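Quick notes on the structure that follows.
Only the coordinates and a few stated rules stand behind these numbers; no lab work does. Here the structure is a predicted model, which means the values were calculated and not measured. Cβ: placed from backbone, ideal geometry, glycine included. Neighbour counts: every protein chain shown.
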Amino acid sequence: MNEKVNLWKPEYMLDIDIIDEQHKGFFDLCLKSAMVCESARNKPVKLSDVIRLIYDMRGYAFRHFFTEEALLLKYAYPKIYGHMSQHDIFLRTLQEFTAELHVELAKAEKAGPEGFLACANHINGYLTTWWGEHILNTDQDYARFMRGQKGHAAKD
Ligand SMILES: [Fe+2]
Ligand SMILES: [Fe+2]
């Protein structure tokens, strides 16, 4: 996989600087994760690196959702509850994935890393897709709301 690949797309831009930076950062983690999985085809991959990436994603998601929800609260976004629920679902799914990874990691000691890496690949695909769709469908909605708010600058 080419290092220059960028999973972020211009249509993800919300024009809210801190949020756009955080969204890009998560895609960078997804790309890093995809590259670790890809490299496993040619050379042994350090399982601890894959685990580290998952935990980085988890921390990143927590921080981003905290930032975003504080903004929704500040602007009294009317759909805040539904939006927070979507974040909760993501975190719950990530928690389930992490548990699956631990099971595969235990198996990998005897059976090799194939199952673990397949699991990591699947998780990575899910996270990347979820992140992109959530930005396009849900985050863009609050960005439009904020732009429509009289007296509030969108760049916060
Ligand atoms: Fe969101
Ligand atoms: Fe977001």
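Using only side-chain charges placed at the Cβ, +1 for Lys and Arg and -1 for Asp and Glu, the dipole size of the chain relative to its Cα centre rounds to 100 debye. Over 28 Å apart at the Cα level, from the set Lys32/Lys79; Lys24/Lys110; Lys43/Lys110, are Lys32/Lys79; Lys24/Lys110. As a proxy for reagent exposure, Met84, Met57 were ordered by neighbouring Cβ count within 10 angstrom, fewest first; the result is Met84, Met57. The charge dipole of region 68-156, taken about the Cα centre with unit charges on the Cβ atoms of Lys, Arg (+1) and Asp, Glu (-1), comes to about 480 debye, rounded to the nearest 20. Computed over the chain, the per-residue total of -39500 (n - 2.57) for DSSP H runs of n ≥ 4 gives a 222 nm mean residue ellipticity of -25500 deg cm²/dmol, rounded to 500.
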